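**Student:** Below are the structure tokens for one structure; questions will follow.
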Ligand SMILES: Nc1nc2c(ncn2[C@@H]2O[C@H](COP(=O)(O)OP(=O)(O)O)[C@@H](O)[C@H]2O)c(=O)[nH]1
Ligand SMILES: [Mg+2]
């Protein structure tokens, strides 16, 4: 991902560009979505990372290699957001995934240490039901001690029913980022030639 550029924040589906393919990043607030986008693009602060989760309700668009968009969706399951706002958000995401003409796939970001929450599992099931390409990324690998990382990863794989694409990464140490980058680029390429 040699070139990356923030394009805009979109409030809803009518403000979404449709000329290029989209890779949608989803995950709970504070899980490390923005950090992952920074890691993938090799930028320190392309996507805003913060300790104040759930502030934005915008879909943030990042143009990558002048070729596709990474879209950072607002985090789901944020407790301090009102129920009606949560519902509105879920409907918006569903609408995009169902109606947007060029969805390459979804990167579902979870917290390696915390493991999949009920909201994560519900989202995962929903994405599977839409037959989308799903890339699971578990962040914050560095928060588990080295000696326990492998068994922790195996447990996670079991919990998720052995997903085809699961990557355990650390944004802090830039560990395993390259593999995520490659699978996204491969997905975009295959999408374009299909
Ligand atoms: N230790 C550690 N912290 C991380 C990692 N990824 C993100 N964080 C931290 O987790 C917090 C939330 O990250 P952010 O990217 O803003 O999450 P978002 O709300 O999903 O976009 C920030 O304080 C990050 O520095 C990681 O791999 N390891
Ligand atoms: Mg963020």
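The values are calculated or read from the model by the stated rules, or taken from the named source; none is laboratory data. Values in this document were obtained by computation on a predicted structure and should not be read as measured data. Because the Cβ atoms are built from the backbone with ideal geometry, glycine has one as well, and the counts that use them run over all protein chains shown.
**Student:** If you go through the range 138-186, how many residues are out of contact with any strand residue (DSSP E or B) (no Cβ under 7 Å at 6 or more places or on another chain) and more than 17 Å from residue 37 (Cβ to Cβ)?
**Tutor:** Selection size over the range 138-186: 18.
**Student:** Here is a check on your reading of the model: is residue 31 surrounded by 19 or more Cβ atoms within 10 Å (Cβ to Cβ), part of a loop (DSSP other than H, G, I, E, B) and either modelled with pLDDT of 90 or more or away from ligand 1 (no atom under 16 Å from the Cβ) (or both)?
**Tutor:** Numbers: surrounded by 19 or more Cβ atoms within 10 Å (Cβ to Cβ): yes; part of a loop (DSSP other than H, G, I, E, B): yes; either modelled with pLDDT of 90 or more or away from ligand 1 (no atom under 16 Å from the Cβ) (or both): yes.
Spelling it out, residue 31 is indeed surrounded by 19 or more Cβ atoms within 10 Å (Cβ to Cβ), part of a loop (DSSP other than H, G, I, E, B) and either modelled with pLDDT of 90 or more or away from ligand 1 (no atom under 16 Å from the Cβ) (or both).
**Student:** To continue, here is another question. Considering each of 43, 80 in turn, give the residue that is within 16 Å of ligand 2 (Cβ to nearest atom), part of a loop (DSSP other than H, G, I, E, B) and modelled with pLDDT of 90 or more.
**Tutor:** Criteria check complete, one pass: 43.
**Student:** How many of the residues making up the range 94-135 are assigned to a helix (DSSP H, G or I) and under 16 Å from residue 166 (Cβ atoms)?
**Tutor:** In the first step, residues of the range 94-135 are kept if they are assigned to a helix (DSSP H, G or I); the result is 94-99, 118-129.
Among the residues that remain, those that are also under 16 Å from residue 166 (Cβ atoms) are: 120-121, 123-125, 127-128.
The number of residues fulfilling the criteria is 7.
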